[in-house]
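Visitor: A single structure is presented below for examination.
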There are 2 protein chains.
Amino acid sequence: MSLPPSDQPHTSLSTHLAEETLHQTRWLRLKKLSYMDESQVKREWDCVERTTRSGEIDGVDIIATMIPLEETEKHVVLISQYRPPMRAYCIEFPAGLCDSGESAEQAAERELLEETGLKICKISRVSSIVGLEVGMTNANCRIVCCEVEPIKISERPKQQLEDEEHITIHLVKLSKLFDVLEEMTKNHGFIIDAKVWTYAFGISNIH
Amino acid sequence: MSLPPSDQPHTSLSTHLAEETLHQTRWLRLKKLSYMDESQVKREWDCVERTTRSGEIDGVDIIATMIPLEETEKHVVLISQYRPPMRAYCIEFPAGLCDSGESAEQAAERELLEETGLKICKISRVSSIVGLEVGMTNANCRIVCCEVEPIKISERPKQQLEDEEHITIHLVKLSKLFDVLEEMTKNHGFIIDAKVWTYAFGISNIH
């Protein structure tokens with residue numbers, strides 16, 4: 001890494017001072033935070049938090065790959081579902097909230113099985129804690145990268161969905177991921193999750 | 001793209017029905033949404049929205065690359081700043097909210113100049129509208145991929161920051177991005193934005 005061209009010091013750090021809950025529902029909590037900025041000026045910031053976090057993270061996102069039986073190329077597992085906040089069907093990595101006491105690896109194994117019926121056979125990497133929309137919320141996750149037991153493309157692994165869940169599985173060749181996402185957006189009206197888009201852009205090697 | 005292994009029909013689509021604002025601050029609005037699910041059951045969902053959106057998107061994220069003068073490898077421009085919702089310093093792509101009437105390209109040019117002092121010389125790609133945390137919020141953006149005018153690594157481009165902004169610029173070799181992010185997390189306590197992590201993981205070619 002190069003040194004930052006900026007000479008702003010990190011010596012007088014910003015610090016969290018206090019927080020006040022403005023409104024709370026079963027799932028979300030709207031807060032006003034106060035903090036000290038680098039110039040030692042006290043400032044305020046609005047923020048939303050999930051009420052459901054019991055450990056260090058809200059949940060996991062799962063980058064699951066496999067070479068399907070009778071195929072030769074690596075595919076990634078994506079899902080789509082209706083997302084009320086977006087008023088649209090969204091393409092996402094399989095994901096879910098952690099249950100109390102559950103590790104990221106355990107949550108990934110459970111959520112992937114529930115949402116897709118697929119079984120993890122090897123976890124290759126678990127990310128540090130990452131932020132999801134850091135100007136607005138403390139929502140965070142770990143990203144669990146794994147290989148899953150291969151299936152035939154035509155096979156339908158048995159999902160274990162709740163009544164209110166309707167999740168469609170998409171297996172997409174890594175080498176075509178970026179173009180497939182563009183096609184799904186343009187021709188089928190899906191909204192792509194930003195993490196999926198930047199992953200595909202990273203793979204595409206056209207930066 | 002393969003056909004989805006799932007046979008769930010998209011014929012009986014979910015639809016947005018109504019919404020109610022539960023609490024509003026200057027910047028955020030907490031809502032209760034009601035929608036019809038695929039089984040034609042009416043359900044509710046909590047959601048938060050920015051109050052500042054004037055067009056189709058809240059803002060832009062900017063994937064800016066350059067080969068610095070006296071270097072031979074492509075670098076990506078990242079920034080870090082204190083993010084009150086995360087109670088931490090976060091590593092992000094340069095980004096910002098769109099002003100009224102501003103296109104994604106215009107917002108990217110303005111925000112990159114303000115936050116980093118760097119000037120866009122070529123926009124190579126603008127993403128479709130992407131979602132940022134689609135289970136919680138309608139927050140969205142377009143991702144503007146561009147090349148910027150090269151500088152010397154030791155140079156300090158002139159940022160145009162507001163009083164409350166304290167932004168540090170990081171120029172990172174694409175070939176080392178994934179390892180640098182891990183190092184920044186482990187040794188310096190930064191939280192990585194999820195989009196930056198999945199981009200780096202995509203580039204790393206270790207999926």
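The values are calculated or read from the model by the stated rules, or taken from the named source; none is laboratory data. Values in this document were obtained by computation on a predicted structure and should not be read as measured data. Every residue, glycine among them, receives a Cβ derived from its backbone with ideal geometry; neighbour counts consider all protein chains shown. The protein model used for the area step is the full one, side chains on, heavy atoms only, and it has no ligands, DNA or RNA in it. Shrake-Rupley method; radii C 1.70, N 1.55, O 1.52, S 1.80 Å.
Visitor: Out of all the residues in region A:113-126, is one or more at the interface with chain B (Cβ under 10 Å from one of its Cβ atoms), touching a Lys or Arg at 6+ places or on another chain (Cβ under 7 Å) and open to solvent by less than 70 Å² (accessible area, probe 1.4 Å)?
Guide: Yes, some residue in region A:113-126 is at the interface with chain B (Cβ under 10 Å from one of its Cβ atoms), touching a Lys or Arg at 6+ places or on another chain (Cβ under 7 Å) and open to solvent by less than 70 Å² (accessible area, probe 1.4 Å).
Visitor: Next question. Cβ-Cβ distance below 9 Å, separation of 6 or more or different chains: which pairs start in region A:46-63 with a residue that is open to solvent by less than 10 Å² (accessible area, probe 1.4 Å) and end on one that is at pLDDT below 95?
Guide: Filtered contacts from region A:46-63: A:ILE63/B:HIS207.
Visitor: For region B:22-57: of the residues being within 9 Å of chain A (Cβ to nearest Cβ) and of a type in the set (Asp, Glu), which is farthest from A:THR21 (Cα to Cα)?
Guide: By that ranking, first place goes to B:GLU38.
Visitor: Further question: Considering region B:173-185 alone, what residues qualify as being farther than 27 Å from A:TRP45 by Cβ and at the interface with another protein chain (Cβ under 8 Å from one of its Cβ atoms)?
Guide: Start the filter on region B:173-185 by keeping residues that are farther than 27 Å from A:TRP45 by Cβ, which leaves B:173-180, B:182-183.
Listed by number, the residues that qualify are B:LYS173, B:LEU174, B:LYS176, B:VAL180, B:GLU182, B:GLU183.
Visitor: So, one more: For region B:186-199, enumerate the residues that are touching a residue at least 12 places away in the same chain (Cβ under 8 Å) and at the interface with chain A (Cβ under 7 Å from one of its Cβ atoms).
Guide: Across region B:186-199, the qualifying residues are B:ILE191, B:ILE192, B:ASP193, B:LYS195, B:TRP197, B:TYR199.
Visitor: Let me ask you something else. Among the residues of region B:67-85, is any open to solvent by less than 60 Å² (accessible area, probe 1.4 Å), more than 7 Å from chain A (Cβ to nearest Cβ), over 23 Å from A:PHE178 (Cβ atoms) and of a type in the set (S, T, N, Q)?
Guide: Looking through region B:67-85, at least one residue is open to solvent by less than 60 Å² (accessible area, probe 1.4 Å), more than 7 Å from chain A (Cβ to nearest Cβ), over 23 Å from A:PHE178 (Cβ atoms) and of a type in the set (S, T, N, Q).
Visitor: Considering only region B:89-101, how many residues are buried (at least 19 other Cβ atoms within 10 Å of the Cβ) and more than 21 Å from B:ASP163 (Cβ to Cβ)? Quick ask: steps written out before the conclusion?
Guide: Initial filter on region B:89-101 (buried (at least 19 other Cβ atoms within 10 Å of the Cβ)): B:89-96, B:98.
The next check asks that each one be more than 21 Å from B:ASP163 (Cβ to Cβ); those that pass are B:91, B:93, B:98.
Number satisfying all stated conditions: 3.
Visitor: Can you pull out the residues in region B:148-165 that are of a type in the set (Asp, Glu), at the interface with chain A (Cβ under 9 Å from one of its Cβ atoms) and closer than 14 Å to B:VAL77 by Cβ?
Guide: Within region B:148-165, B:GLU155 is the sole residue that qualifies.
Visitor: If a residue counts only when it is under 25 Å from B:ASN140 (Cβ atoms) and touching a Leu at 6+ places or on another chain (Cβ under 8 Å), which helices (runs of 4 or more DSSP H) contained entirely in region A:89-207 have at least 1 such residues?
Guide: Details: elements: A:104-116, A:177-188, A:194-204.
Here the list reads A:104-116, A:194-204.
Visitor: Considering only region A:40-52, state which residues are in contact with a strand residue (DSSP E or B) (Cβ under 8 Å, 6 or more places away or on another chain) and of a type outside the set (A, V, I, L, M, F, W, C). Full working, then the answer.
Guide: Filtering region A:40-52 down to residues in contact with a strand residue (DSSP E or B) (Cβ under 8 Å, 6 or more places away or on another chain) leaves A:42-52.
Answer for region A:40-52, where residues must be in contact with a strand residue (DSSP E or B) (Cβ under 8 Å, 6 or more places away or on another chain) and of a type outside the set (A, V, I, L, M, F, W, C): A:LYS42, A:ARG43, A:GLU44, A:ASP46, A:GLU49, A:ARG50, A:THR51, A:THR52.
Visitor: Among the residues of region B:42-62, write down those that are not in a strand (DSSP E or B) and not hydrophobic (A, V, I, L, M, F, W, C).
Guide: Here is the first cut: in region B:42-62, the residues not in a strand (DSSP E or B) are B:51-58.
Correct list: B:THR51, B:THR52, B:ARG53, B:SER54, B:GLY55, B:GLU56, B:ASP58.
Visitor: Continuing with the same structure: Do we find that A:VAL134 is under 17 Å from the mean Cα position of the chain (by Cα), closer than 28 Å to B:SER80 by Cα and more than 8 Å from every other protein chain (Cβ to nearest Cβ) in this structure? Steps first, answer last, please.
Guide: Numbers: under 17 Å from the mean Cα position of the chain (by Cα): yes; closer than 28 Å to B:SER80 by Cα: yes; more than 8 Å from every other protein chain (Cβ to nearest Cβ): no.
In short, no.
Visitor: I'd like the full set of residues that are of a type in the set (Asp, Glu) and either open to solvent by less than 50 Å² (accessible area, probe 1.4 Å) or in contact with a Phe, Trp or Tyr (Cβ under 6 Å, 6 or more places away or on another chain) (or both), limited to region B:102-112.
Guide: First, pick out the residues of region B:102-112 that are of a type in the set (Asp, Glu): B:102, B:105, B:109, B:111.
Residues satisfying the conditions are B:GLU102, B:GLU111.
Visitor: Taking the options B:VAL172, B:VAL130, B:VAL180, name whichever one is among the hydrophobic types (A, V, I, L, M, F, W, C), under 19 Å from B:TRP197 (Cα atoms) and either open to solvent by 20 Å² or more (accessible area, probe 1.4 Å) or touching a Cys at 6+ places or on another chain (Cβ under 8 Å) (or both).
Guide: Of the residues listed, the single one that is among the hydrophobic types (A, V, I, L, M, F, W, C), under 19 Å from B:TRP197 (Cα atoms) and either open to solvent by 20 Å² or more (accessible area, probe 1.4 Å) or touching a Cys at 6+ places or on another chain (Cβ under 8 Å) (or both) is B:VAL130.
Visitor: In region B:150-174, how many residues are of a type outside the set (Val, Ile, Thr) and modelled with pLDDT of 95 or more? Spell out how you get there, then give the answer.
Guide: First, the residues of region B:150-174 that are of a type outside the set (Val, Ile, Thr): B:150, B:152, B:154-166, B:170-171, B:173-174.
Then keep just the ones that are modelled with pLDDT of 95 or more; that gives B:150, B:170-171, B:173-174.
Residues that pass the stated criteria total 5.
Visitor: Within region A:152-165, can one find any residue that is out of contact with any Ser or Thr (no Cβ under 9 Å at 6 or more places or on another chain) and of a type in the set (A, V, I, L, M)?
Guide: yes
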